[in-house]
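The values are calculated or read from the model by the stated rules, or taken from the named source; none is laboratory data. As the structure is a computational prediction, the values presented were derived from the model and not from experiment. Every residue, glycine among them, receives a Cβ derived from its backbone with ideal geometry; neighbour counts consider all protein chains shown. Accessible surface is based on the protein model in full, side chains and every heavy atom, while ligands, DNA and RNA are left aside. Shrake-Rupley method; radii C 1.70, N 1.55, O 1.52, S 1.80 Å.
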Amino acid sequence: MRFGHRGANHPVKDLARNRCYITSQNHGYVIEAESIDPEIAEISHVNVNDGSLEGLRYKQKPVFTVQFHPEASPGPVDTDYLFRSFLDVVEQQKKEAE
């Protein structure tokens, strides 16, 4: 990325939910969408301003990632669903280990 994504007010779209969230960011790199093997992962979030990849969800593993700061709380609870999703994964893994 030439300048990166810095500061607040970066719109990011969650493709599965078809919703846009205003996020805080601080990064100077991006993964090129073409480099993602669709058998391994799917793009879950994109930056509305420049179309860059902002999140991935892996298909065969309980792993997902986002490129922004969900804990920054740009709204009251805008991206809390990411933390709930993480806790759901932890609980599922715990049950499978028992």
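So which residue, out of S52, S85, S24, gets the largest mean-square fluctuation from a GNM of the chain using Cα contacts under 10 Å as springs? Its mean-square fluctuation being the largest, the pick is S85. List every residue whose amide H lies under 5 Å from the amide H of S44, counting only residues 5 or more places away in sequence or on a different chain, with H placed 1.01 Å from N in the peptide plane. Sorted by chain and number, the residues that satisfy this are G55, L56, R57.
Taking 0.36 nm per residue of separation and subtracting the Cα-Cα distance, full extension of the segment from C20 to D88 would add 22.2 nm. Across the stretch 81-98, rounded Karplus estimates of 3J(HN,Hα) from the backbone phi angles (6.51 cos²θ - 1.76 cosθ + 1.60, θ = phi - 60°) give 4, 5, 5, 5, 4, 4, 5, 4, 5, 4, 4, 5, 5, 5, 5, 5, 7, 6 Hz, Gly and Pro being marked x. Pick from A41, A33, A16 the residue whose mean-square fluctuation is largest in a GNM of the chain, springs joining Cα atoms under 10 Å. Highest fluctuation among the options: A16. When the chain is treated as a Gaussian network with alpha carbon springs shorter than 10 Å, the biggest mean-square fluctuation among D37, D78, D14 belongs to D37.
In terms of its C-alpha gyration tensor, the stretch 1-47 comes out oblate, because a/c is 1.5 or above while a/b does not outweigh b/c.
Calculated [222 nm] ellipticity per residue, helices only, for the chain: -6000 deg cm²/dmol; basis is -39500 (n - 2.57) per DSSP H run with n ≥ 4, divided by all residues, nearest 500. By the gyration tensor of its Cα atoms, with a ≥ b ≥ c the square roots of the eigenvalues, what is the shape of the chain: rounded for a/c under 1.5, prolate for a/b over b/c, or oblate? Because a/c hits 1.5 or more and a/b fails to exceed b/c, the chain counts as oblate. Annotation for the stretch 19-74: GluC sites (Glu not before Pro) lying in DSSP loop with at most 10 further Cβ atoms inside 10 Å of their Cβ are E32, E39. Summed over the residues of the chain and divided among them, the accessible surface reaches 68 Å² per residue at a probe radius of 1.4 Å. Under the criterion of Cα pairs below 8 Å and six or more residues apart, the relative contact order for the chain equals 23 percent.
Loop sites here are trypsin sites (Lys or Arg not before Pro) outside DSSP states H, G, I, E and B with no more than 15 other Cβ atoms within 10 Å. The longest part of the chain free of them is 18-58. Of the solvent-accessible surface of the stretch 10-98, computed with a 1.4 Å probe and all protein chains present, 52% belongs to carbon and sulfur. Loop-resident chymotrypsin sites (Phe, Trp or Tyr not before Pro) (DSSP state other than H, G, I, E or B) in the stretch 1-87 with no more than 15 further Cβ atoms inside 10 Å of their Cβ: F3, Y29.
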